[in-house]
Every structure is written in C-alpha cells, then in structure tokens.
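What follows is calculated from the coordinates using simple rules that are stated; it is not laboratory data. For clarity, every value in this text was computed on a predicted model and none was experimentally measured. Neighbour counts run over all protein chains shown; Cβ positions are idealised from the backbone, glycine included.
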Amino acid sequence: MGEAARPLELLDAEAYLAMEEQSPVRHELLEGVPYAMAGGSLTHNRIVGNLYAALRPQALAQGCRIYTETVKLRVSAKTFYYPDLMVICGGKPPHTHYEEAPCLVVEVVSESTEAIDRREKLWRYRELPSLQGYLLVDSRERRVEGYFRQGEGWLYRLWEGEGEVEVPCLEAGLSLEAIYEGVEV
C-alpha cells in the first residue's frame, strides 16, 4: 500500500535558500518546486573551465563578475537556476548566495539537459531585462548557438566546426578552438 497523498508544498525564495544551504545536493527551483541536479560529465566540466578561462580576463578588465555552475541566478521570486556560466556587469550582488542581472548566460548542452536549456531556460532567461546574450554550447559536437537581444527582439546565430563566437557585454570574441580545447567531440 502506498503513502497517503499530501499537498505539494511550494517553496518561496527564503525557504529555498535555507534548504540549499543545508543540502549536500544542489537543486534548481522552478516556480517553487525544487529539482535535484545531476552531476556533470568530464567533457561538460572541461568546456565550462575553458569558457571561464577565456572570458575571465575580459570580464575582470571591464569590472564584471563571472561565475560558473555553483552560483544561483534568480530569474523570478520562485525560480532559481545554476547557469553553467554567467557574467554580470555593474551593480552589487543583490544577495550573498545569488545574482539576478546577468548580461550573458551560457549553458553547456548535453542529452539530459538539452530540452530544459532550449525551451524552459531560453524562455525564462530572455525575460531578464539585463540579458544581452544566451549561448548554448554543445558538449557532443563543436557547435554553439547564440540568442542576442536586438532592440525588442532576439537574433539567433549558429557556429559549427570553426569560427569566433560573439560575446555580448564583454565586446569580445571566443573561438570554437578555445571553447573545445582538449575536448574530444
């Protein structure tokens, strides 16, 4: 016999942050519902490291903050994500455990995260007024997709194999060679 049904308790930001502080497992929060995050592959980790190493000098030179994987991004009162990489230029952090006004967000796409990164996160990230670009970096092939704010709309770009990816807000370029250095894809 199964357990008795009970109502789903939605978490507010304060309850979520308190839970995360005590939890050995990271959770993203979607409209008040926490979801445990799986660990990343070696390829995923190396790509994130390459992105951070390549973008950090430009971020620091422009007085921006750059974070990877373990810093939360608040996208609404009841939704928090852990982007693979984000850049914030200007202002002070709103809290000691999260940011909320990135100009750039990057997600490294894998088979298990692709649907969420392409649909749910794309839709939610584009609602952030500060966001100038959202990059999807594929972990299975040399492929980067970019969504860039253009006035009231968004522009889509694709890079495959070779080339230099535009990095908004840092006014920089990032070669696919640098992104995938030491990675077998």
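The three principal axes of the C-alpha atoms in segment 40-179 carry coordinate ranges of 38, 33, 33 Å, sorted with the longest axis first.
Across segment 178-185, rounded Karplus estimates of 3J(HN,Hα) from the backbone phi angles (6.51 cos²θ - 1.76 cosθ + 1.60, θ = phi - 60°) give 5, 4, 9, 4, x, 10, 8, 10 Hz, Gly and Pro being marked x. On a straight-distance basis, which aspartates and glutamates could pair with Lys92 in a cross-link, Cα separation under 14 angstrom, same-chain partners fewer than 8 positions away excluded? Output for Lys92: Glu100.
Cβ crowding within 10 Å ranks Lys92, Lys121 as Lys92, Lys121, fewest other Cβ atoms first.
Computed over the chain with a Gaussian network model linking Cα atoms closer than 10 Å, the most mobile of Val25, Val87, Val105 is Val25. Across segment 24-41, rounded Karplus estimates of 3J(HN,Hα) from the backbone phi angles (6.51 cos²θ - 1.76 cosθ + 1.60, θ = phi - 60°) give x, 10, 6, 10, 8, 10, 10, 6, x, 9, x, 10, 5, 9, 7, x, x, 7 Hz, Gly and Pro being marked x.
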